[in-house]
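Here is the structure we will look at.
Read the figures in this text as sums done on the coordinates, not as results from a lab. These numbers were taken from a predicted model, which means no experiment stands behind them. Reconstructed Cβ throughout: ideal geometry from the backbone, glycine too, with neighbour counts over all protein chains shown.
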Amino acid sequence: MRIKPDYWQSFYSGALEVAEERSPSKYRVELDAEVEPSKFGAIEGGGRHPVPLQGAVAFIDGVRRIDLHAMVEDLPPHIGLFGSVATGAMVMEDGRSTLQEALRHVQVSRLFLTNAPDPSEKFISSPATSALLGSLHYEVRVVKSSEPQAFNNALMNRMAELEADTSTRLSREKGVAMVISDGPIPFERSAEREGGKLVGLIKSVRELYLPKEQLPVLAGLRLGERSHLFAIRYEDARTSKLSCFVRLQGVSAFVSSFANLVRLEIPLMPRSQAISLADSAAAIAVHYASNVYADSRAPQNLYPVAALEAALKNRLGDPRLLRNRLLAMLGQGGTEHKSVPKES
Amino acid sequence: MEENSPIGFVLGHRPASTLEFFVLVEPGNYLELDDVVYVDSPVEGHPTDAIVRFYGTVSEVSQYHEGIQFDSDTQIVRAGILPANVAYVGKVVVTKIVPEIFVSPHPADPVFRAKGGDLEDALSFSSMAQRIPAGILRSQEPFYVNFDFLNGSKGAHVSISGISGVATKTTYATFLLYAMLNYQHPKGVPAADKASARIIVFNVKGEDMLFLDKRNSKLSAGDEEMYDRMGLPVEPFRDVAFYTSPRTGLGVPTPSTDQRQADITPFCWTLREFARERLLPFLFADADSETTSMAGCISSIATRLERLSGEGSSESPFLLVQGRLIGDLRSLIDTLEEDIYGNEGEEEGGGRKRTSYWFPPYEHAGTKNAFLRKLRVAAEALAGVIRSDIDHPEHYKIDFDAHRLTVVHLSNLKSAAQKFIVGSTLKRLMKEKERTGRKPYVFVLLDELNKYAPREGKSPIGDILLDIAERGRSLGVVLIGAQQSASSVEKRIIANSSIKVNGRLDFAESQSAEYDYLPGSFRLRSCIIKPGTMILHQPDIPAPVLVRFPMPAWATRSEEVEEVEASSRKEARRFEDLFAG
């Protein structure tokens, strides 16, 4: 397999963090998960009277990046993509954690995705030298599409795999009381499998789920309050999830009454257990909520998650360094040197 | 075991250069300012396959939370909400590279603390042919200076700067001399040099130096231990002669000192010596006397005096001038006054101008008067010092060769008189050394150097000191100068000092070019260091080193003089009484 860098793609788009896209699926909302639908409303407590938690809280997140676009020289030529993902957890304990102690289960995976059928190599590697520290191994995976989105999804899936793996491992740890993963929880992850500890935290509240009549409840949530739990039942899914909204910071007259909200997701589980988990999760979300001056995604981007993202991006390596190394490696393939076109 | 584990690694995030690198300190270790460390880095591709060892001293240590953006993040890190790393970083100034392959340390190479033999190598102690202890390092190990840079063979002179009272300049200078005289080590000063070395100490402030030969009773166990660490005995100076200015208005020269009367000689100059040695210019040691006409006037009178000193009986301390004996400055002034103003009738009667015995005919009356005015001031200050009415004047002459250490106590004299004595003594010393050659070494300790050799202006005593600074090296005359501010001392004197020392400095002073041997952090530290701590720079080590030194083993006040001596004196008196009875 002869791989050449796709300069135009790489330099025009740069080393991108892959955009997240989600296709909306059909669902039905049931308001009776916690109280009778007629009583659906806000709950004091949660954030204001935190439920004591016995053990650590683990925040799980992942980052992904396209390192270099490439072409596989063939007739016809095929698309290739060097991408890296990193996942890990920030395990917050006792209110005091140094990064060395808190950062755990970091996994870095590098993939070479291509739509070339039957690629000859399993790995594309650049060994370490005294000047190039650390070896690079890109695992070759086939994507059966030429759509850019398919390549992005392949990277995302790899990240989701690693995240799920981390979450399962942490859920089994005795000292960990709760595992908060960034984003919606996948359908296949049942409460039993995660030991009733898994909570998904959705930062961007674009989809409100609730029927129009209940929206005032949401707009009226005060600092630390959460809405009652409601169930989301997908038509095409094997299972359903429970969910609620939490107000992380009070809103002033200057921001939308739907600002500073996050949505929590928990797998289906017995009602009392679900309520207790939702209360704790709401309290924790409020506790770790970030400040607007510190993070453009505040307050929803919780501090440990922000630190985790920074640490994971760091583990991916410097993007320019990586690209240069890939270019050098591909350049050794033997064909004549091509000059790099200037960025326009 | 612990000695072999690294304290950290060469930081990869910042460039490590040949002269400077950073260390990331490993958890569970610490790094302190002045710690001496080393790192071994292989040089790939070098024909000798060498491993280069970089020695260095820590000049800066810092810790911070890395991975945080805002100052206030510290609060949330502390609350355990935001995880962050603690980075513990030390900056190292390279002091030595072995072998001399000027590459740079490799990032992530282990860094070790230098101890014992490694420390000796790091600070070049092991390569010093002759060395003397100069204090204790922070690591409690002794610090040495290279004697070759003190005695003139490679360099000479010490310059000690610092604020009065806090910097303990003269104490340190005396300690250095003590260490030189008492250090017994195969690489120390050779016994012959030590035995023959002469030290002249000018004591210009207080009576601190009058008890150098007495044991200090107030010395703490900690101080004694410091002496022990440096391989020094705890004892006072031996073989010390004390000279002081005589009390004024007494027929017989009597010591002017308060706390000490025994074994102390008042010094005097006879007018004949004064004339023969051409000491007149030293009476006009203030820089502002150095106008052309005044200098000419001083010179012509000095020449006249010098000629007079050869006339008459050379046994006599008096000078015979125009049939009259003059023995002190007062009578010299009388003679000069008479010469200038004359007897009133004389001029009219002769019809011609009277020729002057002292002044050349072209000398302006204004200059003569100014000369006389200044001479009167000097005569006042030196009353009792320049005199001829004494038997055995040789007893009162400062003899710096008779004892190992000669203390010249000047603090009861006015500044003009102090300058005269220092200038006259040093002039005599230089003349003698020109005759005898480099050995034995003579060390001259002079405080307030800025007064004797100021940067601005020219003065005869400044010239002598500059001569010592420039030529003293080859003549074996070593100047140990102390001053509040090196920036106000003649540039060439400071520049000629091989060993530069400073105690506490005033902030503005610490920023001047004289302290360019101090890197930034040391300049700031100079403003806060305590008495008993000095920063020392010597040519063998490119970085300055902070050392502590013990309290003097000798007394600096009469209360410190050890009781044993007092009681033995009592005992002696009791015996006397017995026999008398």
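One table, with the values for the structure above:
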{"quantity": "Cα shape, the range B:457-501, gyration tensor, a/c 1.5 rule", "calculated": "oblate"}
{"quantity": "Protection-proxy order for peptides B:195-203, B:332-340, each taking the mean of Cβ atoms within 10 Å per residue, highest first", "calculated": "B:195-203, B:332-340"}
{"quantity": "Residue-averaged beta-carbon neighbours from other chains (10 angstrom radius) around A:100-106", "calculated": "2"}
{"quantity": "The range B:392-438 versus the range B:468-522: alpha-carbon centroid distance in Å", "calculated": "24"}
{"quantity": "Assigned charges on the beta-carbon of Lys, Arg, Asp, Glu; the protein assembly as shown dipole about Cα centre (debye)", "calculated": "860"}
{"quantity": "Check: the range A:2-331 dipole with +1 on Lys, Arg Cβ and -1 on Asp, Glu Cβ, in debye", "calculated": "240"}
{"quantity": "10 Å Cβ neighbours from other chains, averaged over peptide A:83-93", "calculated": "1"}
{"quantity": "Rounded, prolate or oblate (a/c below 1.5 giving rounded, otherwise prolate when a/b exceeds b/c) for the range B:5-148 by Cα gyration tensor", "calculated": "oblate"}
{"quantity": "For the range A:184-331, with +1 on Lys and Arg beta carbons and -1 on Asp and Glu, the positive-most of A:216, A:274, A:303 along the dipole", "calculated": "A:303"}
{"quantity": "Net length gained if the chain between residue B:573 and residue B:254 were fully extended (0.36 nm per residue, minus Cα distance)", "calculated": "112.5 nm"}
{"quantity": "Sorted by Cβ density within 10 Å, fewest first, the residues B:419, B:530", "calculated": "B:530, B:419"}
{"quantity": "Protection proxy ranking, peptides B:448-457, A:83-92, average beta carbon neighbours within 10 Å, highest first", "calculated": "A:83-92, B:448-457"}
{"quantity": "Simple Cβ-charge dipole of the range B:477-542, Lys/Arg +1 and Asp/Glu -1, about Cα centre, in debye nearest 20", "calculated": "140"}
{"quantity": "Relative contact order %, the range A:2-331, counting alpha carbon pairs below 8 Å whose residues are six or more apart", "calculated": "23"}
{"quantity": "Nearest-0.05 FRET efficiency for residue B:263 and residue B:370, computed from C-beta distance (R0 51 Å)", "calculated": "0.75"}
{"quantity": "Alpha-carbon centroid distance for the pair the range A:167-183 / the range A:246-306, whole angstrom", "calculated": "18"}
{"quantity": "Chain B: relative contact order as a whole-number percent, Cα under 8 Å and 6+ apart", "calculated": "20"}
{"quantity": "Burial order of peptide ranges B:402-412, A:98-108 (average beta-carbon count within 10 Å, highest first)", "calculated": "B:402-412, A:98-108"}
{"quantity": "Cα centroid separation - the range B:171-239 against the range B:36-67, whole Å", "calculated": "38"}
{"quantity": "Over 28 Å between alpha carbons, listed pairs B:218/B:414; B:91/B:451; B:368/B:419; B:194/B:491; B:169/B:218", "calculated": "B:218/B:414; B:91/B:451; B:194/B:491"}
{"quantity": "Positive dipole terminus of the protein assembly as shown, leading residue within B:546, B:356, B:90 (C-beta point charges)", "calculated": "B:90"}
{"quantity": "Average partner coverage of B:82-91, which counts Cβ from other chains inside 10 Å", "calculated": "5"}
{"quantity": "Overall form of the range B:387-488 per C-alpha gyration tensor (a/c, 1.5; a/b vs b/c)", "calculated": "oblate"}
{"quantity": "Charge dipole (the range B:152-280, unit charges on Cβ, about Cα centre) - positive-most of B:173, B:152, B:280", "calculated": "B:280"}
{"quantity": "P(r) tail fraction, the range A:187-327 - alpha-carbon pairs more than 23 Å apart, %", "calculated": "44"}
